[in-house]
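Presented below is the structure to which this report refers.
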Amino acid sequence: KAKRTRAAFSLHADCVDLPQHGRANLLGDLSQALERHELHVNFQPQLHTHDGTVDAVEALVRWDHPEYGRIPPDEFIGLAEQTDLIRPITDMVLRSATQGLMAGGLTTRLAVNVAPRSLEDPMFTDRLFEILAETRFPPSQLELEITERALARNAERTRYTVGKLRAQGVRISIDDFGVGYSSYQTLRMLDVDRVKIDREFVQGLLTSDRDRKIVASLIGLAHELDLDVVAEGVESQMVWHALRELDCDVVQGYGIAVPMTYIELRTWLSDLAEL
Ligand code: C2E
Ligand code: CA
Ligand code: CA
Ligand code: CA
């Protein structure tokens, strides 16, 4: 009997966990959400570890559902990725984020998350450069955060797309570095600019000697390969200081700044400049 329950559970394990709200519903709502402008972009700063100056901001999508309130991206990006909906979402994030920064006269570098499925889309790079031309955002100021899953899905296509993007000056970083299917394989197969150490490791930094050693060795390896290292999930000054000791290049996390609207970002950046 127990076996049966488990099987039934695992069948639904990839569904979102919203009460009275099936995945089909959520998907239907999501396609409307785009038209109704319920999706917004927030920005979270990434700072140079040694002096606290701004290195970049990461765009993070938000969905303000009229009934259910704010739905976190973890609960709808995966769904969107199983359909073609990921395409207009990625385009919206790129357009809205670059427009927002340009409108605010912000020359900050911008990091945007790109799902593996988007990287497989043969039209992705063309559309990306169209959007950048439209919003006049310089490709050299854009960084795409991709995950190791992209390589696992379609290594040839991912390599090709990444090569094409980098040839145009777009930077590439490996997100969630360390928790992927094979981080060594990723570094062998793909030329990138930086890695983002997953927050699981970062958060264990002060309490786990093992985590500290793993982070130290990931940083050492990345530097050996001339890659920048970003630590995500930095929730305190103490973690920031520990990362400085370990020679990590860039820090990002709630302990520095939470994701915010571009209006809030403008204020945040000018306050920072006055310090
Ligand atoms: P991610 O790319 O790893 O983004 C980092 C997530 O960690 C964000 O969650 C961010 O708000 C959160 N975070 C930042 N600092 C801290 C911290 O100090 N502590 C903790 N516990 N969390 C922190 P968010 O915005 O909910 O996004 C979740 C995931 O959804 C992202 O993970 C990314 O994989 C995906 N995502 C978000 N926006 C987009 C997007 O525009 N396109 C795509 N394809 N995926 C997106
Ligand atoms: Ca990311
Ligand atoms: Ca991450
Ligand atoms: Ca993550």
(1) closer than 21 Å to LEU110 by Cβ; (2) touching a His at 6+ places or on another chain (Cβ under 7 Å) all hold for ARG244 apart from (1)
Check your understanding: Looking at the stretch 208-215, is at least one residue surrounded by 16 or more Cβ atoms within 10 Å (Cβ to Cβ) and in contact (Cβ under 8 Å) with a residue 40 or more places away in the chain?
Key -> no
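Which ones in the stretch 38-72 are closer than 19 Å to LEU94 by Cα, assigned to a loop (DSSP other than H, G, I, E, B) and at pLDDT 95 or above? Working first, answer last.
Residues of the stretch 38-72 that are closer than 19 Å to LEU94 by Cα, as a first pass: 38-46, 55-64, 72.
So of that shortlist, the ones also assigned to a loop (DSSP other than H, G, I, E, B) come out as 38, 72.
Within the stretch 38-72, just GLU38 meets the criteria.
Being modelled with pLDDT of 90 or more, among the hydrophobic types (A, V, I, L, M, F, W, C) and either loosely packed, with under 11 Cβ neighbours inside 10 Å or in contact with a helix residue (DSSP H, G or I) (Cβ under 9 Å, 6 or more places away or on another chain) (or both) is true for just one of LEU11, LEU101, LEU26, LEU18. Which residue is that?
Result: LEU101 is the single residue among LEU11, LEU101, LEU26, LEU18 that is modelled with pLDDT of 90 or more, among the hydrophobic types (A, V, I, L, M, F, W, C) and either loosely packed, with under 11 Cβ neighbours inside 10 Å or in contact with a helix residue (DSSP H, G or I) (Cβ under 9 Å, 6 or more places away or on another chain) (or both).
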Here the residues within the stretch 232-252 that are of a type outside the set (Asp, Glu) and either without any contact (Cβ under 8 Å) to a residue 60 or more places away in the chain or out of contact with any strand residue (DSSP E or B) (no Cβ under 9 Å at 6 or more places or on another chain) (or both) are GLY233, VAL234, SER236, GLN237, MET238, VAL239, HIS241, ALA242, LEU246
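The values are calculated or read from the model by the stated rules, or taken from the named source; none is laboratory data. Nothing here was measured: the structure is a model prediction, and the numbers come from that model. Glycine gets a Cβ as well: all are built from the backbone with ideal geometry, and neighbour counts include every protein chain shown.
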